[in-house]
1. Evaluate the range 314-323: report whether one residue or more is in contact with a helix residue (DSSP H, G or I) (Cβ under 8 Å, 6 or more places away or on another chain), of a type outside the set (Phe, Trp, Tyr) and either farther than 20 Å from PRO58 by Cβ or modelled with pLDDT under 95 (or both).
2. Is the range 54-72 home to any residue that is of a type outside the set (Val, Ile, Thr) and under 22 Å from MET288 (Cα atoms)?
3. Exactly one of (1) of a type in the set (Val, Ile, Thr); (2) touching a Ser or Thr at 6+ places or on another chain (Cβ under 7 Å); (3) modelled with pLDDT under 95 is unmet by ILE250. Its number?
4. Quickly run through the range 347-377 and pick out the residues that are in contact with a Leu (Cβ under 7 Å, 6 or more places away or on another chain), under 17 Å from THR226 (Cα atoms) and part of a loop (DSSP other than H, G, I, E, B).
5. Tally time: how many residues in the range 64-85 are assigned to a loop (DSSP other than H, G, I, E, B) and either over 16 Å from GLY313 (Cα atoms) or of a type outside the set (S, T, N, Q) (or both)?
6. Could you list, ordered by first residue, the pairs with Cβ atoms under 8 Å in which the first is in the range 70-90 and without any contact (Cβ under 8 Å) to a residue 24 or more places away in the chain and the second is hydrophobic (A, V, I, L, M, F, W, C), at least 6 apart or interchain?
7. Hey, among the residues in the range 123-138 that are touching a residue at least 24 places away in the same chain (Cβ under 8 Å) and under 23 Å from THR208 (Cβ atoms), which one's surrounded by the fewest Cβ atoms within 10 Å (Cβ to Cβ)?
8. Just to verify a result, which residue in the range 157-184, among those that are in a loop (DSSP other than H, G, I, E, B) and in contact with a Cys (Cβ under 9 Å, 6 or more places away or on another chain), is surrounded by the most Cβ atoms within 10 Å (Cβ to Cβ)?
Amino acid sequence: MVSGGNSMKLMCLVLMVVYFLSTKGNEITPCNYIAIYNFGDSNSDTGGIAAAFYPPGPPSGITYFHRPAGRASDGRLIIDFIAEELGIPYLSPYLDSIGSNYKHGANFATGGATIQRPNESWTANGISPFSLDIQIEHFTQFRDRSAYAYNQAKDEFIKQRLPKPDEDISKALFTLDIGQNDIAFGIRTMSLEIQLEALPKIVSQFITQVKGLYVRGARTFWIHNTGPIGCLPAATSKVKDPEPGYLDEIGCVKYQNEICMQFNKQLKDEIVKLRAELADAAVVYVDMYAAKYNLISQVNNQGFGKPFDVCCGYHGIGYDVWCGNRGNVDGREVYADSCRNVSSVISWDGVHYTEAANQWIVNRILTGNLSDPMTAASTACHK
């Protein structure tokens, strides 16, 4: 016969076991990603545009790599931190042949890239010729040529630097971070009305390219929306004596951010539809806008200085002196070098983020709290 006290202990033990088994069954097994394939613009370019054209010189890369490393930052980008989190080496740019290793993926992103294919006037304004559809074509070439090289290789060294045909593609994470340049170019060259009219076409082209990756074997997608362009110092520095309502409550250019938010809303809506269409794919929408805006709005509580300071470069009405260049500011010649306190500055060059800011942002998005559905990057392969 069991006493009252022992009976209560037994009941507690049973409940604990039941709870353990029920929560254990609900745990999501981390994805065993073999590789990452990335597509995008300078926010995730690890050296593509540098290999194709003129590479950025010092002081880029000063914080982590201690040399220019093809990145528009003082150090690591968000894609670098994602790779670290998933235990994958930093991605070699597809366009860079020196020292590249594609066993664990490749980076097809290039600085200045757009979703839309640019015309000559776009490229003359610094837009990359490697638009998203070209990046997808590069991936197609990579997949087919690497499979042929792998199957023909007699040397094990070559196989160690290439993905296994078919198998590695389906087990990879496909990340996309693009759209900022489409919007920024529209802001510089179009009326607000025309920009808003153009958004559905841009989003449609984006979704078409994601479908193209699916046809080519991709099954897990981690898609970033675009950040708050109106909060970039390159935008806020151009404002003098603004009319009421031109800036939002934290000092960002309001209408520019409204365009970004409209783009993001349309992108999210289309991704929801895509998720239903691609039944055996996992498609995660990541609210990069929220992460970046939260950082800028909470800057004083996060160890950073003024939200619109620039570490390397000078921007204002009538002038832009980009990082690593010389120029004229109010009649005096200046050289845009790195600031001393780079770890306390959000903006590296007026458009791109510092390594410290990138790390802050990635810590917020990897958990999945800003994703739809709410899933961490490590478990994004699960539907």
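The values are calculated or read from the model by the stated rules, or taken from the named source; none is laboratory data. These numbers were taken from a predicted model, which means no experiment stands behind them. FYI the Cβ positions are ideal-geometry reconstructions off the backbone, even for glycines, and counts take in every protein chain you see.
1. Within the range 314-323, none of the residues are in contact with a helix residue (DSSP H, G or I) (Cβ under 8 Å, 6 or more places away or on another chain), of a type outside the set (Phe, Trp, Tyr) and either farther than 20 Å from PRO58 by Cβ or modelled with pLDDT under 95 (or both).
2. Within the range 54-72, one or more residues are of a type outside the set (Val, Ile, Thr) and under 22 Å from MET288 (Cα atoms).
3. For ILE250, the exception is condition (3).
4. Those that are in contact with a Leu (Cβ under 7 Å, 6 or more places away or on another chain), under 17 Å from THR226 (Cα atoms) and part of a loop (DSSP other than H, G, I, E, B): GLY350, VAL351.
5. Number satisfying all stated conditions: 13.
6. PRO89/ALA83
7. ASP133
8. Among those residues, the one meeting the criterion is GLY179.
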